[in-house]
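Q: Dropping the structure in here first, questions after.
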Amino acid sequence: MTGARPTPLLVFGIDAGDPDLLESWIADGSLPHLAALVRDGSHARTGGDELSMEHGAWIALMSGVPRARHGYHYYRQLVPCSYRLALTTGPEPMVTPFWSALRDRRVVIVDVPDFDPIAGLAGVQLFDLAVHNRERDGASLPAQALQHALRVVGDVRDIPEAFRSAESVDRQILARLLTRVERKGQVVRELVADTAPDVSVIVFGEGHTAGHQFWRHHHGGGTDAALREGIRTVYQAIDAELGALRALLPESHNVAVVSSVGLRSLFPGGGVGEAMLRALGYQHAPRPAASASGFPGPLTIARALLPTSVREWLSRLLLSRDARERLLADGFANGTDWSRTRAFAIPSAFQSFIRVNLRGREPQGIVASGAEYAALLDELEADLRALRDAETGRTLATYVTRMTSANGEAPHTLPDLIVDWDFSERFITAIDHPRARITISEPEFFRDSEHTRQGFLAMAGPDVPTLDATSPFDAGGVAPLLHRLAADVPAGEGA
C-alpha cells in the first residue's frame, strides 16, 4: 500500500443489467457514460458456475465465496436436516464482502444485495433502501443514514412487479422507477460529496424491475412506444447517475461497472421437476389418511377433487403471501411419503431443485451415500434429459447441474441437481417421457422472463487490468480484483 491517498475506486452495480442490451446501447450511443468508460478502458462478460442461479450472484461477485460454501441459492430453501421450507434472504452466517477488510479506508456502500453493514468501517453503509423486491427492513451505519435516505426516496421505495398488467399500470411503474433512480441518485451523490470516500460500491436495482416488467413490450413489440423503450429509458437514467457520480470523484480514479445476470424470454418451468418425480415413482404421495369412520377425510377428498390450478387460484384470492407460504410448506412436508421417496423436488419457479432423500442427511433418508447415491443421480439425469415437449418433440432440459463436490460428496444445503428448462417460446403444459405423459398447470408466479448465466463487467482507470471481451470473466474472480484495487495493492502482490 502506498503512503499517499489511494486512487479512489467506484464500483457501480446494475442489478440484472443484461449484457446484450448494455452492449447494444453502448454501441448506438444510448448509454454515453458507460460508452465513455468502455472506450477508455475495457469490458467483458462475466460467467461461470456462480451465475447458474440469480440468487446469490451478488455474493459471488462481491465476496468471491462460492455457493458450495455459503449455500444460498433461492428465496425459499429447505431447512437442513428437515423437510421444512423457510423463506431466506441471504446466507447464514453472512458472508463478508471485499470491503470488509478495508479498515483504513473511507467507504460509501449503498444497496448491494444480500449484504449487511459491517462495524468498524469509516464512512457510510446503507442497505435495502430501494432495491428490487425488497425483503428486509433496511439497515445503515451510522443508523441515521437510513432515515434520512428514506425521507428523500419517499413513496417510491418499493415498486413491485405487476405481471399481465394493463398498459396504464405499466406506465405508472415506469414513471415510478425513473423517479426512484433520480431520488436514490440524489442520496448517493450527497453521501459521496460529504464522505469523500476511497471506495464506493453503489448498486441500482431499477433495471432489474424494468427488465421483467417491460420485457413483453421490448421483446414482443407492444403498441405503446414509451413502454417498448421502457427498459432502455431506465438504463439511460441509471447511466446518467454513473456520469454524475464520476463527476464527483478526482479526475484520476478507478471505476468498475458490474451487472449480476442478464435477461431472456422464459416461462416458469420449475414445476416440471416434481411432476416428473411423481410420475416416474421417485417421489411418492402419502397413502390416504382415513377418518374415524374409516373413510378418507374431507380435506383429503377436497385435495383429490380440486385441480392444483383451482387450489392455487383460491389461495391467491383468499390468502396473504405469508399464509400461502405456510400452506405451501405444510403441503411440502405432509404431501410426500418420505419412507418410500428416493428423490424430491423443492418448490421453485423457473429452475427445478431436486434433492436426493439421502440417508444420514434427510430425517427419513432411504438412499445410501456413495455408489447408490451416484447411480441415482445418473438415473435422474437420464430421465430429465429424456423429457420432451409433447407438441414439438423438443428436448426441454438445457442444463442439469450436479452440485456434488469434486470427490462426489453430496451438498449439505444445496439441491443435488439443478435443472434449467427451455420454456422460452411458451408455457408448456404437456411433456412426454418414454414411460409417462406428464402435465403441469400454470403456477401462481407467472411471468415471461428470467435470467441468463452471464453478466457484464467494464473497467477503466490507471490501475485496472485490460479485460478480454472474447472470453467470459469468471464471476468468482471479480471480488479479488476489486479488493486489490480498493486496497491499492500493486498487480502481482495478491489480494
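Residue-by-condition table, conditions (1) buried (at least 16 other Cβ atoms within 10 Å of the Cβ); (2) over 25 Å from ARG324 (Cα atoms):
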position	(1), (2)
ALA86	no, no
GLU92	no, no
TRP99	yes, yes
ARG103	no, yes
ARG106	yes, yes
PRO117	yes, yes
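Q: Output the helices (runs of 4 or more DSSP H) that fall wholly within region 198-279 and possess 2 or more residues being farther than 21 Å from GLN125 by Cβ and small (Gly, Ala, Ser), or say none.
A: Hits in region 198-279: 206-213, 225-228, 230-248, 271-279.
Q: Suppose we filter SER424, SER449, SER441, SER405 for residues that are under 15 Å from ASP49 (Cα atoms) and either under 22 Å from the mean Cα position of the chain (by Cα) or surrounded by fewer than 19 Cβ atoms within 10 Å (Cβ to Cβ) (or both); which single one remains?
A: Among SER424, SER449, SER441, SER405, only SER405 is under 15 Å from ASP49 (Cα atoms) and either under 22 Å from the mean Cα position of the chain (by Cα) or surrounded by fewer than 19 Cβ atoms within 10 Å (Cβ to Cβ) (or both).
Q: Is it the case that some residue within region 203-219 is surrounded by fewer than 23 Cβ atoms within 10 Å (Cβ to Cβ), in the same structural domain as GLU241 (by TED's automatic domain parsing) and small (Gly, Ala, Ser)?
A: There is no residue in region 203-219 that is surrounded by fewer than 23 Cβ atoms within 10 Å (Cβ to Cβ), in the same structural domain as GLU241 (by TED's automatic domain parsing) and small (Gly, Ala, Ser).
Q: Here's something else I'd like to know. Within region 1-45, how many residues turn out to be buried (at least 19 other Cβ atoms within 10 Å of the Cβ) and over 26 Å from PHE98 (Cα atoms)?
A: Number of matching residues: 4.
Q: Continuing with the same structure: For region 280-305, name all the residues that are assigned to a loop (DSSP other than H, G, I, E, B), closer than 21 Å to ILE438 by Cα and at pLDDT below 60.
A: none
Q: Identify, by number, the condition in (1) modelled with pLDDT of 95 or more; (2) under 23 Å from the mean Cα position of the chain (by Cα) that LEU31 doesn't meet.
A: If we test LEU31 against (1) modelled with pLDDT of 95 or more; (2) under 23 Å from the mean Cα position of the chain (by Cα), just (2) comes out false.
Q: Also, quick follow-up: Give just the number: which of (1) within 13 Å of the chain's Cα centre (by Cα); (2) small (Gly, Ala, Ser); (3) farther than 23 Å from ARG136 by Cα does ALA57 not satisfy?
A: The one condition ALA57 does not meet is (3).
Q: I need a count of the residues in region 16-37 that are acidic (Asp, Glu) and touching a strand residue (DSSP E or B) at 6+ places or on another chain (Cβ under 7 Å).
A: Matching residues across region 16-37 total 1.
Q: Within region 320-347, count every residue that is assigned to a loop (DSSP other than H, G, I, E, B) and surrounded by 22 or more Cβ atoms within 10 Å (Cβ to Cβ).
A: Total satisfying the criteria: 2.
Q: Looking only at region 479-493, how many residues end up being at pLDDT below 95 and in a helix (DSSP H, G or I)?
A: Residues meeting the conditions: 0.
Q: Exactly one condition in (1) more than 30 Å from LEU384 (Cβ to Cβ); (2) within 23 Å of the chain's Cα centre (by Cα) is not met by LEU263; state its number.
A: Only one criterion is unmet by LEU263, namely (1).
Q: Here is a further query. Taking helices (runs of 4 or more DSSP H) that fall entirely within region 1-69, which contain at least 1 residues that are under 21 Å from SER348 (Cβ atoms), free of Cβ contacts under 8 Å to residues at least 60 places away in the same chain and not assigned by TED's automatic domain parsing to the domain that holds PHE350?
A: 57-63
Q: Let me ask you something else. Residue by residue through region 42-53, note down the ones that are farther than 14 Å from ALA256 by Cβ and in contact with a Ser or Thr (Cβ under 7 Å, 6 or more places away or on another chain).
A: SER52
Q: A further question follows. Output yes when any residue across region 219-233 is within 20 Å of ASP111 (Cα to Cα) and touching a residue at least 60 places away in the same chain (Cβ under 8 Å), and no when none is.
A: no
For every residue, the table says whether it meets (1) basic (Lys, Arg); (2) outside any helix (DSSP H, G or I).
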| position | (1), (2) |
| --- | --- |
| GLY393 | no, yes |
| ASN407 | no, yes |
| THR413 | no, yes |
| GLU425 | no, yes |
| ILE438 | no, yes |
| ARG447 | yes, yes |
| VAL464 | no, yes |
| GLY477 | no, no |
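Q: Let me ask something else about it. Within region 50-67, is there a residue that is farther than 20 Å from VAL187 by Cβ, among the small types (Gly, Ala, Ser) and surrounded by fewer than 17 Cβ atoms within 10 Å (Cβ to Cβ)?
A: no
Q: Listed residues PHE427, PHE456; which is outside the structural domain of LEU319 (by TED's automatic domain parsing) and within 21 Å of PHE163 (Cβ to Cβ)?
A: Criteria check complete, one pass: PHE427.
Q: Cβ contacts < 8 Å: first residue closer than 18 Å to ALA275 by Cβ and assigned to a loop (DSSP other than H, G, I, E, B), restricted to region 348-375; second residue among the acidic types (Asp, Glu) and modelled with pLDDT under 95, any location; separation 6+ or different chain. Result?
A: none
Q: So ARG340 fits all but one of (1) farther than 22 Å from PHE446 by Cβ; (2) out of contact with any Pro (no Cβ under 8 Å at 6 or more places or on another chain); (3) in contact (Cβ under 8 Å) with a residue 60 or more places away in the chain; what number is the exception?
A: Every condition holds for ARG340 apart from (3).
Q: Take residues that are touching a helix residue (DSSP H, G or I) at 6+ places or on another chain (Cβ under 7 Å), in contact (Cβ under 8 Å) with a residue 60 or more places away in the chain and more than 30 Å from PRO363 (Cα to Cα) and tell me which of the strands (runs of 3 or more DSSP E) falling wholly in region 70-185 contain 1 or more.
A: 106-110, 122-127
Q: Checking the conditions here, which among ARG5, ARG39 is modelled with pLDDT under 95 and not hydrophobic (A, V, I, L, M, F, W, C)?
A: ARG5
The values are calculated or read from the model by the stated rules, or taken from the named source; none is laboratory data. All of these numbers come straight from a predicted model, not from anything done at the bench. Cβ: placed from backbone, ideal geometry, glycine included. Neighbour counts: every protein chain shown.
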